[in-house]
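Novice: Below is the structure I would like to discuss, written out as structure tokens.
The values are calculated or read from the model by the stated rules, or taken from the named source; none is laboratory data. Since the model is a prediction, treat every value here as computed from it, not as a measurement. Every residue, glycine as well, gets a Cβ built from its backbone with ideal geometry; the counts of neighbours run over all protein chains shown.
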Amino acid sequence: MKRLEEFPRVSLGVFPTPIRRLDRISKLLHTNVYVKRDDLTGLGLGGNKTRKLEFLLADARAQGAQVVFTTGGAQSNHAMLTAAAAGRLGMRAILLLKKRGVTDCRGNLLLEKLMGTDVRLIDTDDYNEIYAEMDRVGRALGVPYYKIPCGGSNALGSLGYVACAREIHEQGQAFDYIVCAEGSGGTMAGLALGAKLYLPGTRVCGMMVDRAPFDEITPALMRGAAALLEAEVTIGPEDYLLRDACGPGYAVPSPEGNEAIACLAANEGIFLDPTYTGKAFAGLLAMAREGAFRPEDKVLFLHSGGAAGIFAAAL
């Protein structure tokens with residue numbers, strides 16, 4: 001198997017991110033709940049995309065890219081962090097975002113304005129149309145360009161969370177469950193593959209905050225990342241758990257998610273966002289209330305960031 005160090009990687013984050021026990025939440029849920037603070041990765045307002053971008057932008061730089069394209073919703077955390085990372089590396093970021101959700105100058109769009117980012121809102125729900133537009137704009141610019149998919153979720157980006165699973169192992173604690181938001185698939189897939197490689201006995205649970213077919217997306221990304229690593233592993237549905245946490249729709253706040261945001265803020269002084277981590281933590285709360293966790297279990301919640309989303313949504 002190839003080592004992660006064999007892949008080109010740029011330094012963008014501050015690692016390892018801390019893990020700590022949530023004492024009040026643990027008492028409330030009658031089990032042991034911990035948080036890994038990937039909202040403190042150090043780039044922009046932090047978040048999970050930093051880990052993916054370390055691999056993706058290293059690839060972009062190796063290919064001589066001067067312009068980096070990516071996409072997502074209007075309030076995409078990934079897009080904002082891509083712009084921040086590209087600026088640090090001396091590249092130009094062009095964001096082609098879906099004209100959906102909160103499109104006025106709040107949240108991530110405000111941060112992008114502060115960075116002087118080229119943001120273009122596209123009135124479509126079809127990412128294939130957006131990727132085609134990237135090619136059209138890139139050819140018109142006449143310089144080398146690099147396309148990053150929504151969420152940075154491809155096989156190479158997923159290696160960022162294989163590395164995170166190894167980091168958790170190296171931090172010296174064993175967990176029965178890791179719970180994370182699943183919005184484009186790469187974080188969940190990387191953690192699930194990383195658990196197979198570095199965290200035996202740990203089940204990774206993805207809280208699906210979108211209606212995408214994650215039962216197909218997750219194993220496909222896991223297999224792609226495993227192929228890059230030349231890891232001889234079999235991937236099956238027993239390697240991960242998926243749970244619906246979408247509520248009324250992607251990027252639409254849910255009552256359960258809002259309750260979870262308030263619960264963690266009031267009890268632990270940690271803030272979640274309404275699109276991803278709030279809904280994911282709501283799923284963790286629901287599992288605990290349903291008796292999914294034993295009193296002796298250790299459950300790790302991956303806080304994948306998204307703080308700017310709080311300031312773009314009406315909770």
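Novice: Among the residues of the stretch 38-50, is any at pLDDT below 95, of a type in the set (S, T, N, Q) and in contact with a strand residue (DSSP E or B) (Cβ under 7 Å, 6 or more places away or on another chain)?
Specialist: Looking through the stretch 38-50, none of the residues is at pLDDT below 95, of a type in the set (S, T, N, Q) and in contact with a strand residue (DSSP E or B) (Cβ under 7 Å, 6 or more places away or on another chain).
Novice: Only one of these conditions is not met by Leu111: (1) buried (at least 24 other Cβ atoms within 10 Å of the Cβ); (2) over 17 Å from Gly183 (Cβ atoms). Which number is it?
Specialist: Status for Leu111: all satisfied but (1).
Novice: Looking only at the stretch 144-167, count every residue that is touching a strand residue (DSSP E or B) at 6+ places or on another chain (Cβ under 7 Å) and either assigned to a helix (DSSP H, G or I) or among the small types (Gly, Ala, Ser) (or both) and tell me the total.
Specialist: Residues in the stretch 144-167 being touching a strand residue (DSSP E or B) at 6+ places or on another chain (Cβ under 7 Å) and either assigned to a helix (DSSP H, G or I) or among the small types (Gly, Ala, Ser) (or both): 2 in total.
Novice: Here is a follow-up. How about the stretch 184-215: which of its residues are in a helix (DSSP H, G or I) and of a type outside the set (A, V, I, L, M, F, W, C)?
Specialist: Gly186, Thr187, Gly190, Gly194, Lys196, Tyr198, Asp215
Novice: Please work out if Arg100 is within 22 Å of the chain's Cα centre (by Cα), assigned by TED's automatic domain parsing to the domain that holds Gln66 and farther than 11 Å from Thr71 by Cα.
Specialist: yes
Novice: Give me a count of the residues in the stretch 112-134 that are part of a helix (DSSP H, G or I), in contact (Cβ under 8 Å) with a residue 12 or more places away in the chain and among the acidic types (Asp, Glu).
Specialist: The number of residues fulfilling the criteria is 2.
Novice: Going by the structure shown, is Arg203 basic (Lys, Arg) and crowded, with 17+ Cβ neighbours inside 10 Å?
Specialist: yes
Novice: Looking at the stretch 179-203 only, could you name the residues that are under 14 Å from the mean Cα position of the chain (by Cα) and either within 13 Å of Ala280 (Cβ to Cβ) or among the aromatic types (Phe, Trp, Tyr) (or both)?
Specialist: Result: Val179, Cys180, Ala181, Glu182, Gly183, Thr187, Met188, Leu191.
Novice: Answer yes or no as to whether Val33 is surrounded by 15 or more Cβ atoms within 10 Å (Cβ to Cβ) and out of contact with any strand residue (DSSP E or B) (no Cβ under 9 Å at 6 or more places or on another chain).
Specialist: For Val33, the condition - surrounded by 15 or more Cβ atoms within 10 Å (Cβ to Cβ) and out of contact with any strand residue (DSSP E or B) (no Cβ under 9 Å at 6 or more places or on another chain) - is not met.
This table checks each residue for (1) at pLDDT below 95; (2) touching a Leu at 6+ places or on another chain (Cβ under 6 Å); (3) farther than 21 Å from Phe293 by Cβ; (4) in the same structural domain as Lys99 (by TED's automatic domain parsing).
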| site | (1), (2), (3), (4) |
| --- | --- |
| Tyr127 | no, no, yes, yes |
| Ile178 | no, yes, no, no |
| Met188 | no, no, no, no |
| Pro213 | no, no, yes, no |
| Ala225 | no, yes, yes, no |
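Novice: Further question on the same structure: For the stretch 289-315, give me each residue that is outside any loop (DSSP other than H, G, I, E, B) and under 16 Å from Ile261 (Cα atoms).
Specialist: The answer is Phe301, Leu302, His303, Gly305, Ala307, Ala308, Gly309, Ile310, Phe311.
Residues are listed down the side, and each one gets a yes or a no for (1) surrounded by 17 or more Cβ atoms within 10 Å (Cβ to Cβ); (2) of a type in the set (A, V, I, L, M, F, W, C); (3) not assigned by TED's automatic domain parsing to the domain that holds Arg24:
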site	(1), (2), (3)
Leu221	yes, yes, no
Glu238	no, no, no
Leu241	yes, yes, no
Pro248	no, no, no
Ser254	yes, no, no
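Novice: Please go through the stretch 213-255 and give me each residue that is in contact with a Lys or Arg (Cβ under 7 Å, 6 or more places away or on another chain) and among the charged types (D, E, K, R), ordered by number.
Specialist: Glu230, Asp239
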